[in-house]
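The values are calculated or read from the model by the stated rules, or taken from the named source; none is laboratory data. These figures come from a predicted structure and were not determined experimentally. Every residue, glycine among them, receives a Cβ derived from its backbone with ideal geometry; neighbour counts consider all protein chains shown.
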Amino acid sequence: MNVQDPNIQQKRYALLELSHELGRPDRGWAILGEGNTSARIDQERFLVKASGRNLGGLRPEDVVECRVKPLSDLLGRRSVTDEQINSALCDSRAESAAKKPSVEALFHGYLLSLPGIEYVGHTHATAVNKILCSPRARQFALRRIFPEEVVCCGSESMFIPYVDPGLKLAQSIQRGIKSYYRRKKTYPRVILLQNHGIITIGQTAQAVLAAMMMADKAACIWLGSSALGGPVFMPKKQVERIAHRLDEEIRRREMNI
């Protein structure tokens, strides 16, 4: 790694700031070694949180520069041993002495290969997981309950039924993204993992944080309204209208999301 490369320095700084925001103890999104973050350097390399490190206290040495190819080569394989996955994770490091990247670097590398995606954030947000661990998880992903949720999180989230973290999860996310894009002609801003957590993606670190904040707010409102007989969903026609309104697109650009 060339530590003097201004692009890598800028991305590392932005990734640390994003990690600290996602890992703030008062938010209840990630504790201990939960969650991870990543940033795209170029088509062949990305930065990702090292395995087991705390998001809120992430340090520069806890961010690992990885090569995409050793990880992407695994996604098309049906049968892979844990030893092969571990070897690929180690081989992906730009520096052999660097810390081991999170096993979820597998899905980070894939998501960062999508056009326009520069940052990825993943947490186990408590309010969101209250719903994702319930029978209404898919409904929470597909419906919207207030306009700002549409603006920051898109017209619907992508829902992934439970699968073990690691290669199987990365493969499920890859299949889900392809299906979502065929149907919506765009990529999701929010990916919801049943019984697991939430992923937000975007062109800027601010977009990732904004989607995470709004998804958390939506979960809190959903839980509160459920206690009063709700939630009451917005009509899908109105959701799509807000998602594509010119003034809302301008506002998203002004907010850098």
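Side notes on the structure shown:
- Among (1) over 24 Å from GLN171 (Cβ atoms); (2) among the aliphatic types (A, V, I, L, M); (3) out of contact with any helix residue (DSSP H, G or I) (no Cβ under 7 Å at 6 or more places or on another chain) - the single one VAL64 does not satisfy: (1)
- GLU61 vs. criteria more than 15 Å from VAL120 (Cα to Cα), surrounded by fewer than 22 Cβ atoms within 10 Å (Cβ to Cβ) and either modelled with pLDDT under 95 or in contact with a strand residue (DSSP E or B) (Cβ under 8 Å, 6 or more places away or on another chain) (or both): yes
- Residue match in the range 84-106 (condition: surrounded by 19 or more Cβ atoms within 10 Å (Cβ to Cβ), part of a helix (DSSP H, G or I), touching a residue at least 60 places away in the same chain (Cβ under 8 Å) and within 17 Å of the chain's Cα centre (by Cα)): yes
- Taking (1) more than 20 Å from GLY224 (Cβ to Cβ); (2) polar (S, T, N, Q); (3) touching a strand residue (DSSP E or B) at 6+ places or on another chain (Cβ under 9 Å) in turn, SER155 satisfies each apart from (3).
- Filtered residues of the range 231-257 (kept if in a loop (DSSP other than H, G, I, E, B) and in contact (Cβ under 8 Å) with a residue 24 or more places away in the chain): PRO231, VAL232, PHE233, MET234, MET255, ASN256, ILE257
- Tabulated pairs, the range 186-204, first touching a residue at least 40 places away in the same chain (Cβ under 8 Å), second surrounded by fewer than 24 Cβ atoms within 10 Å (Cβ to Cβ) and aromatic (Phe, Trp, Tyr), C-beta under 6 angstrom, 6+ apart or interchain: LEU192/PHE159; GLN194/TYR162; ASN195/TYR162
- Selection within the range 34-55 - free of Cβ contacts under 8 Å to residues at least 40 places away in the same chain and either touching a strand residue (DSSP E or B) at 6+ places or on another chain (Cβ under 9 Å) or β-branched (Val, Ile, Thr) (or both): ILE41, GLU44, LEU47
- Among the residues of the range 137-175, the ones that are under 15 Å from the mean Cα position of the chain (by Cα), over 29 Å from ARG78 (Cβ atoms) and assigned to a loop (DSSP other than H, G, I, E, B) come to 2 in all.
- In the condition set (1) small (Gly, Ala, Ser); (2) touching a Pro at 6+ places or on another chain (Cβ under 8 Å); (3) surrounded by 18 or more Cβ atoms within 10 Å (Cβ to Cβ), SER38 is compliant with all but (2).
- Scan of the range 70-93 for residues that are at pLDDT 90 or above and among the hydrophobic types (A, V, I, L, M, F, W, C), ordered by number: LEU71, LEU74, LEU75, ILE85, ALA88, LEU89, CYS90
- Residues in the range 186-222 that are in a helix (DSSP H, G or I) and touching a Pro at 6+ places or on another chain (Cβ under 9 Å) were compared, and the one that is surrounded by the most Cβ atoms within 10 Å (Cβ to Cβ) is TRP222.
- If you go through the range 116-136 and keep only what is part of a strand (DSSP E or B) and either of a type outside the set (Gly, Ala, Ser) or in contact with a His (Cβ under 7 Å, 6 or more places away or on another chain) (or both), you end up with TYR119, VAL120, HIS122, THR123.
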